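Read through the structure below, which is laid out as structure tokens, and then see the notes.
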Amino acid sequence: MTAAGEMRLHHVVFCVHPENQDRAAEFWRELGIVFQEIVLAEQGLRVLIDWSRGIELVSLTPEPGTETNRFRQFLDHRGEGVWSVVVKSSSITEPIAVAKRYGASVRFQQHLEDGTSYLDEADLTPIFGMPITLLATDRPD
């Protein structure tokens, strides 16, 4: 175990075109996934996530935001698919330092609190082709 605590796979993020997000969600719902919708207006993203089953569908909102260009470029160059694999630990600080030693950099980082829980997230440039996002939260899975 590291200073970041035990790390484990948390969820997979799929990036889809906005016009396909609801249909993709229907597919997963038929398989038992229960999504929570989160609109991140500042980032220009609509997120559908099932925290306990490990599936997230992300797409662009009609109004652009701070992350619109990154996600649009992904869709334009790679098409729909796996955006990132999210790994959870007790802290993202040490895993970021380790990733930097392997040549990665942080593309996006955020800290959110709502008075009852917190979320720290860092989206890294791919390491050996692996798209990884680090997550630390006190939110139950």
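Would you check if residue 53 is closer than 28 Å to residue 90 by Cα and part of a loop (DSSP other than H, G, I, E, B)?
Criteria met by residue 53.
Out of the range 101-127, which residues are within 16 Å of residue 82 (Cβ to Cβ) and either in contact (Cβ under 8 Å) with a residue 24 or more places away in the chain or of a type in the set (Asp, Glu) (or both)? Steps first, answer last, please.
Filtering the range 101-127 for residues within 16 Å of residue 82 (Cβ to Cβ) gives 107, 123-127.
Residues satisfying the conditions are 107, 123, 124, 127.
Looking at (1) in contact (Cβ under 8 Å) with a residue 24 or more places away in the chain; (2) surrounded by fewer than 15 Cβ atoms within 10 Å (Cβ to Cβ), find the lone condition where residue 67 falls short.
Going through (1) in contact (Cβ under 8 Å) with a residue 24 or more places away in the chain; (2) surrounded by fewer than 15 Cβ atoms within 10 Å (Cβ to Cβ) one by one, residue 67 breaks only (2).
Can you spot a residue in the range 36-47 that is without any contact (Cβ under 8 Å) to a residue 40 or more places away in the chain, surrounded by 11 or more Cβ atoms within 10 Å (Cβ to Cβ) and at positive phi?
yes
Among the residues of the range 1-35, which ones are of a type outside the set (A, V, I, L, M), free of Cβ contacts under 8 Å to residues at least 24 places away in the same chain and crowded, with 17+ Cβ neighbours inside 10 Å?
Let us first name the residues in the range 1-35 that are of a type outside the set (A, V, I, L, M), namely 2, 5-6, 8, 10-11, 14-15, 17-23, 26-30, 32, 35.
If we keep only those that are free of Cβ contacts under 8 Å to residues at least 24 places away in the same chain too, we end up with 19, 22-23, 26-27, 29-30, 32, 35.
35, the sole residue that qualifies.
Scan the range 15-28 and give yes if some residue there is out of contact with any Pro (no Cβ under 6 Å at 6 or more places or on another chain) and within 18 Å of residue 120 (Cα to Cα), otherwise no. Step through it out loud before you land on a result.
Restricting attention to the range 15-28, the residues satisfying the condition of being out of contact with any Pro (no Cβ under 6 Å at 6 or more places or on another chain) are 15-28.
With within 18 Å of residue 120 (Cα to Cα) added as a condition, the list becomes none.
No, every residue in the range 15-28 fails to be out of contact with any Pro (no Cβ under 6 Å at 6 or more places or on another chain) and within 18 Å of residue 120 (Cα to Cα).
How many residues, within the range 48-64, are under 13 Å from the mean Cα position of the chain (by Cα) and buried (at least 18 other Cβ atoms within 10 Å of the Cβ)? Talk me through it step by step, then tell me what you get.
Filtering the range 48-64 for residues under 13 Å from the mean Cα position of the chain (by Cα) gives 48-51, 54-59.
Narrowing the set further to residues that are buried (at least 18 other Cβ atoms within 10 Å of the Cβ) leaves 48-50, 55-59.
Of the residues in the range 48-64, 8 are under 13 Å from the mean Cα position of the chain (by Cα) and buried (at least 18 other Cβ atoms within 10 Å of the Cβ).
Picking from 14, 35, which residue would you name as being under 27 Å from residue 128 (Cβ atoms) and either at pLDDT 95 or above or among the polar types (S, T, N, Q) (or both)?
Numbers: 35 fails: under 27 Å from residue 128 (Cβ atoms).
Exactly one of 14, 35 is under 27 Å from residue 128 (Cβ atoms) and either at pLDDT 95 or above or among the polar types (S, T, N, Q) (or both), namely 14.
Does the range 84-100 hold any residues that are of a type in the set (Lys, Arg) and either closer than 13 Å to residue 130 by Cβ or free of Cβ contacts under 8 Å to residues at least 24 places away in the same chain (or both), and which are they?
Step one: filter the range 84-100 for residues of a type in the set (Lys, Arg), giving 88, 100.
Matches in the range 84-100: 100 only.
From the list 80, 56, 30, pick out the single residue that is charged (D, E, K, R) and closer than 22 Å to residue 8 by Cα. First the steps, then the outcome.
On the way: 80 fails: closer than 22 Å to residue 8 by Cα; 30 fails: closer than 22 Å to residue 8 by Cα.
Unique residue meeting the criteria: 56.
So which residues in the range 62-83 are among the aliphatic types (A, V, I, L, M) and under 18 Å from residue 135 (Cβ atoms)? Working first, answer last.
Of all residues in the range 62-83, those among the aliphatic types (A, V, I, L, M) come to 75, 82.
Listed by number, the list holds a single entry, 82.
The values are calculated or read from the model by the stated rules, or taken from the named source; none is laboratory data. Being a predicted model, the structure only gives us computed values, none of them experimental. FYI the Cβ positions are ideal-geometry reconstructions off the backbone, even for glycines, and counts take in every protein chain you see.
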